[in-house]
Amino acid sequence: MDSGSLTVLVEAALGRSWGRDSSWHGEEHWRCVAATGLALAENLPSADRELVLCFGLLHDTRREHEWSDPEHGLRAERFANELQDEGLLALGDRRFALLATALRLHADGHVADDETTGACWDADRLHLPRVGIDPDPARLSTKVARGPVPLAAAAALRSAGAPGWTAHVTRVCSTTSAP
Ligand SMILES: [Fe+2]
Ligand SMILES: [Fe+2]
C-alpha cells in the first residue's frame, strides 16, 4: 500500500474505532504499539513493517470495555475483514491472513515464530507496564524485545508521547518494499 492508501486506512479505522479516547487502550496506546513495533521490526529482517503498522492501528479498536475482554482480538479481526472487503486494507491474501491471525490471537498469551507477528505481539506486551503489569520475558517472541533496553524505550515513548500516524506512515513507506 502506498502512503495515500495507508492514510485513508488510518482515517477510516480511527473514525470507526471504539474507545479511541481511552487512556489505557485508546489511540495513544495504538500509536505507541505501532512505534515500538516498527522499532523492533527495524532489527528483524523478515518483519513486514506495513503489517506491524496495521496491527498497531487496529488491535485494540474493538474493545467493549477496559477490563478483561477476551473477544476483542476476534472483533478486531472482523473489523479488519470489513476494511478489506471495502478495499481499504489491500494486502493480498497471504499478508492479510498473517495480520488477521495476529489480531485475533494477540491477547491470548502466545508467542510467534515469524518475525512480523512477533514484532506485533512484543510491541503490545512492552507497553503492559502502563496498566501495572510487568511483561513476562517468556511471552516475548523476539530476542530484540528482551532485556531492559526495549522496556525502557517503551516507557520513554509513553512519557514523551508516540509520533502521529502521518509519521508512522512516512516511516513505513520510506523503509518498506512490501514482501
Ligand atoms: Fe488488546
Ligand atoms: Fe494493546
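If you go through region 93-111 and pick out every residue that is among the polar types (S, T, N, Q) and buried (at least 20 other Cβ atoms within 10 Å of the Cβ), you end up with 0. Could you tell me which of the residues Glu50, Glu66 is more than 14 Å from ligand 1 (Cβ to nearest atom), within 25 Å of Ala152 (Cα to Cα) and touching a residue at least 12 places away in the same chain (Cβ under 8 Å)? None of the other options fit; the residue is Glu50. Show the residue pairs meeting these rules: Cβ distance below 9 Å; 6+ apart or different chains; first residue within region 97-112 and under 16 Å from Arg125 (Cβ atoms) and free of Cβ contacts under 8 Å to residues at least 60 places away in the same chain; second residue of a type in the set (Phe, Trp, Tyr) and more than 11 Å from ligand 1 (Cβ to nearest atom). Matching pairs, first to second residue: Leu103/Phe79.
Any residue in region 50-73 that is away from ligand 2 (no atom under 15 Å from the Cβ) and more than 20 Å from Ile133 (Cα to Cα)?
Within region 50-73 (the criterion being away from ligand 2 (no atom under 15 Å from the Cβ) and more than 20 Å from Ile133 (Cα to Cα)), the answer is yes, since at least one residue qualifies.
Just so you know, in region 74-83 the residues that are under 17 Å from the mean Cα position of the chain (by Cα) and not basic (Lys, Arg) include one that is nearest to ligand 2 (Cβ to nearest atom), and it is Ala76.
In this structure, Ala123 does not satisfy being without any contact (Cβ under 8 Å) to a residue 12 or more places away in the chain and not acidic (Asp, Glu). Closer than 30 Å to Gly132 by Cα, under 15 Å from the mean Cα position of the chain (by Cα) and more than 16 Å from ligand 2 (Cβ to nearest atom), is that true of Glu42? Spelling it out, Glu42 is indeed closer than 30 Å to Gly132 by Cα, under 15 Å from the mean Cα position of the chain (by Cα) and more than 16 Å from ligand 2 (Cβ to nearest atom). Entry remark, region 107-117: residues being under 12 Å from Leu140 (Cα atoms) and within 15 Å of ligand 2 (Cβ to nearest atom) number 3 in total. The requirement of being over 18 Å from Thr175 (Cβ atoms) and surrounded by 14 or more Cβ atoms within 10 Å (Cβ to Cβ) is not satisfied by His65.
Search region 21-31 for residues being within 13 Å of ligand 2 (Cβ to nearest atom) and without any contact (Cβ under 8 Å) to a residue 40 or more places away in the chain, and hand back the single one that is surrounded by the most Cβ atoms within 10 Å (Cβ to Cβ).
Per the criteria, the residue is Trp30.
When region 112-135 is filtered for residues that are within 16 Å of ligand 1 (Cβ to nearest atom), assigned to a loop (DSSP other than H, G, I, E, B) and exposed (fewer than 14 other Cβ atoms within 10 Å of the Cβ), the ones remaining, listed by number, are Gly132, Ile133. Against the numbered list (1) away from ligand 2 (no atom under 13 Å from the Cβ); (2) assigned to a loop (DSSP other than H, G, I, E, B); (3) surrounded by 21 or more Cβ atoms within 10 Å (Cβ to Cβ), Ala90 comes up short only at (3).
A short reminder: the numbers here are calculations on the coordinates, not readings from a lab. Keep in mind that what you see is a predicted model, and the values were worked out from it rather than measured. Every residue, glycine as well, gets a Cβ built from its backbone with ideal geometry; the counts of neighbours run over all protein chains shown.
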